[in-house]
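Nothing in this text is a laboratory measurement; each read-out follows from the coordinates by a stated rule. Everything numeric here is computed off the predicted structure, so don't read it as measured data. Ideal geometry is used to build each Cβ from the backbone, glycine not excepted, and the neighbour counts take in all protein chains shown.
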Amino acid sequence: MPDPLTENEQWILSFYRTSEINGALFFGRLARAMKPGPIQRDMTKHFADESQHAWYWTECINRMGAEPLKLSQAYQDKYLEAAGIPANIMEVLALTQTFEKRVIAQYARHSRIVDLQPEVLDTFNKIIDDEKWHIEWVGKALKSMEGEYGRDTIAESLERYRKVDEEVYGAILKEHEQRVAELMRGRGNHAEGKGPWPWPV
Ligand SMILES: [Fe+2]
Ligand SMILES: [Fe+2]
């Protein structure tokens, strides 16, 4: 049996689970509304991946002898409120890219921990290829829209959502940052951590 999860670890892993569920719900609603075509297909796969990730974190927490915490959902509503309803598919994808980058930055930071529990490492390993693909397909789709929407308009949308993201997630991210910092103090922080995330954070 692994070491029992600290309250801090249980919160962080539960936060990941909740983020994945939020992603699944967001992309699921979009996938349902898409007209036929490659974006409909990729968005559906994206939705299915995030649902699966929510299950992986649930399973991970269970394997470590605990249950996921029920966390507040308020920030998700605030996020969509501040971002507004995207006016077109380009804006939907720009918002998606922001969402994905946020998640990846969180996982990359956590994976820097040297003494990562095998259950957590295993879960990161199961998720990494999907998350790489999410950034990739959305990036390609946005590039393919440059002719229709204009490169500058796409760049402006990405910048606008990045600002909204920073603003709305500020409070909850602060808590996440503090908790991960605490975890790193306890478990050792090193650039050579064995986590699978190659991105700098
Ligand atoms: Fe995910
Ligand atoms: Fe994702």
Query - Degrees between helix 151-187 axis and first principal axis of the chain (Cα, 0 to 90, nearest 10) - result: 10 degrees
Query raised in the report: Could you give P(r) for segment 1-156, binned at 10 Å from zero, as whole percent values over all Cα-Cα pairs?
Result: 10, 38, 32, 15, 5, 0
Report summary line: Given Cβ charges of +1 for Lys and Arg and -1 for Asp and Glu, the option among H53, Y107, V120 whose Cα lies farthest towards the positive end of the dipole of the chain is H53
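Using a Förster distance of 45 angstrom, determine the FRET efficiency expected from the C-beta separation of E148 and D3, and round it to 0.05. Could you put the intermediate results ahead of the total?
Numbers: r = 53 Å, r/R0 = 1.18.
Computed FRET efficiency for E148 and D3: 0.25.
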Query raised in the report: Helix 74-83 versus the longest principal axis of the chain: what angle, 0 to 90°, nearest 10, using Cα atoms?
Result: 30 degrees
Report summary line: Percent relative contact order for segment 7-187, counting Cα pairs under 8 Å at least six residues apart, stands at 29 percent
Query raised in the report: On a 0 to 90 degree scale, rounded to 10, what angle separates helix 118-144 from the longest Cα axis of the chain?
Result: 10 degrees
Query - Length added when fully stretched, E156-N62, from 0.36 nm per residue minus Cα-Cα - result: 29.6 nm
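Per residue and in cubic angstrom, what volume does the convex hull of the Cα atoms of segment 76-164 have?
Measuring per residue, one finds 105 Å³ for the Cα hull of segment 76-164.
For a 28 Å ceiling on Cα separation, which of these pairs sit above it: K35/K70; K126/K163; K70/K140; K35/K132; K45/K143?
On the way: K35/K70 35 Å; K126/K163 30 Å; K70/K140 35 Å; K35/K132 25 Å; K45/K143 20 Å.
Beyond 28 Å: K35/K70; K126/K163; K70/K140.
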Query raised in the report: If Lys and Arg each add +1 and Asp and Glu each add -1, what is the summed charge of the other residues whose beta carbon sits under 13 Å from the beta carbon of V103?
Result: -2
